[in-house]
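A short worksheet on the structure shown next.
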Amino acid sequence: MTAPPSLLDPGTERDPHPLYRTLRGNLPLVYDAPFGAWLISRYADVRAALADPRLAAPSPGPALARREDGTRGAYRTLVSSVLGERASAALAAGVERTAHVLARRLASRQEADLVAEFCQWLPTAAVVAALGLPYEDTARVHAWCRTGLDHLGGHRPALAAYLRPHIVRRRAHPGDDLLSALCAARPGGRPLPDEAVTDLAGTVLGAAGETTARALASFLANLLDHPRQLELVRARPELTGVAWAESLRHDPPLQIVPRRALEPIGPIPEGATVACLLGSAGRDPARFADPDRYDAFRADPGELAYGSGRHVCLGAPLARLTAEGGLRALLTVLPGLRRAPGPRPRAEGLISRSPRTLPVCPR
Ligand code: HEM
């Protein structure tokens, strides 16, 4: 008997879609021994798995997303309330300012790399602004986002030390920013300890710094690869949101969301790891017509890239705001923006996936 295909097979990281097709067609639930997880690949199954209370997010870590105990619900409520209107306004202002600064830096250049010079900076700089931290600290925070923090957690002693004086100041003199909102929050009638404020600020920075940056790189690559669709989005900016959602379907930055089985589920034993393949679900022909085509005007691109069920992403509106503001600034400041001649840079990564470079001619 031949072993089933694996995510770790040669070539899969380069292009996982042939494997995804095989899995969806013939092996919708299969154990991938080299990868150490049960793979779920069809759209409907991934959606159901993410909503299944018998499948828990990996345990246990400091961040909100890993809290499976009784405090999770309270933290989710808290995060969504602080990420609400006030954060959106602070973030929108940060995105607007930063995106224009970054775009203007490229304006006189013959060639530039949008990943290194735009996508990797914009989300972090925008959250730095939203938190009310000094703009000149962006590079430092950016370095932590790239090394120590991931989308849902990570150890952050350096970030904690950096934030401490800012938290002390916000507690004494609250401002209009997101860090002040976290300091002022009183879940259950009591203020959050500094550790929780740092934890939540780190979650926001981690998510923005890495995942949104990757998603933005794929979004801009998809539009620059389809100049006619880009022109239509330029002419009708109200379509940007759908073009963004379609890019998340076609190229979700988080290709795999892991779960742990709390009890046996069919052939899956208790304690086993289950990999929900978001990248495969988004290309499922049972859910999407012509799924491998990027169509900025697709009527219903779905929203599975943000997860589903009780862990569904709390930052989706902020990510969208970053993408819309970023694109708007690029199209305004660099009206001639186009792909640089040469081969299309490939996306890379099995779990987090996006193009690592995006060479463009800014003028
Ligand atoms: C395009 C950008 C983004 C994508 C594709 C994305 C995707 C996801 C996914 C798939 C999950 C679910 C993980 C799971 O089920 O285990 C998630 C959770 C989460 N995301 Fe995002 N995210 C993005 C941006 C953001 C931003 C900007 C923020 C914050 C400002 C954020 C905050 C969170 C939080 C707090 C959770 C945990 C929710 C919970 O477990 O209750 N995300 N995200």
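The values are calculated or read from the model by the stated rules, or taken from the named source; none is laboratory data. In this text, all values refer to a predicted model and were calculated from it rather than measured experimentally. Ideal geometry is used to build each Cβ from the backbone, glycine not excepted, and the neighbour counts take in all protein chains shown. The protein model used for the area step is the full one, side chains on, heavy atoms only, and it has no ligands, DNA or RNA in it. Shrake-Rupley method; radii C 1.70, N 1.55, O 1.52, S 1.80 Å.
Brief remarks follow.
- Enumeration of residues in region 168-196 that are touching a Pro at 6+ places or on another chain (Cβ under 6 Å) and surrounded by fewer than 18 Cβ atoms within 10 Å (Cβ to Cβ): Ala184
- Breaking point among (1) in contact with a Pro (Cβ under 7 Å, 6 or more places away or on another chain); (2) closer than 22 Å to Ser81 by Cα, for Leu337: (2)
- Pairs meeting the criteria (first residue in region 308-325 and on the phi < 0 side of the Ramachandran plot and at pLDDT below 95, second residue more than 6 Å from the ligand (Cβ to nearest atom) and of a type in the set (Ser, Thr, Tyr), beta carbons under 8 Å, at least 6 apart or on different chains) are Leu314/Ser80; Pro317/Ser88; Leu318/Ser88; Leu321/Ser88.
- Test: residue in region 257-278 that is closer than 26 Å to Ala48 by Cα, without any contact (Cβ under 8 Å) to a residue 12 or more places away in the chain and either out of contact with any strand residue (DSSP E or B) (no Cβ under 9 Å at 6 or more places or on another chain) or part of a helix (DSSP H, G or I) (or both): yes
- Comparison of Pro301, Pro345, Pro317, Pro335 shows that the only residue that is surrounded by fewer than 21 Cβ atoms within 10 Å (Cβ to Cβ) and over 25 Å from Glu96 (Cα atoms) is Pro345.
- Which listed residue, of Ala272, Ala281, Ala316, Ala289, is within 25 Å of Ala44 (Cβ to Cβ), more than 15 Å from the ligand (Cβ to nearest atom) and in contact with a Phe, Trp or Tyr (Cβ under 8 Å, 6 or more places away or on another chain): Ala272
- The single condition from (1) closer than 15 Å to Arg24 by Cα; (2) surrounded by 23 or more Cβ atoms within 10 Å (Cβ to Cβ) that Asp292 fails is (2).
- For Val257, the conditions (1) open to solvent by 60 Å² or more (accessible area, probe 1.4 Å); (2) within 16 Å of the ligand (Cβ to nearest atom) are fulfilled apart from (1).
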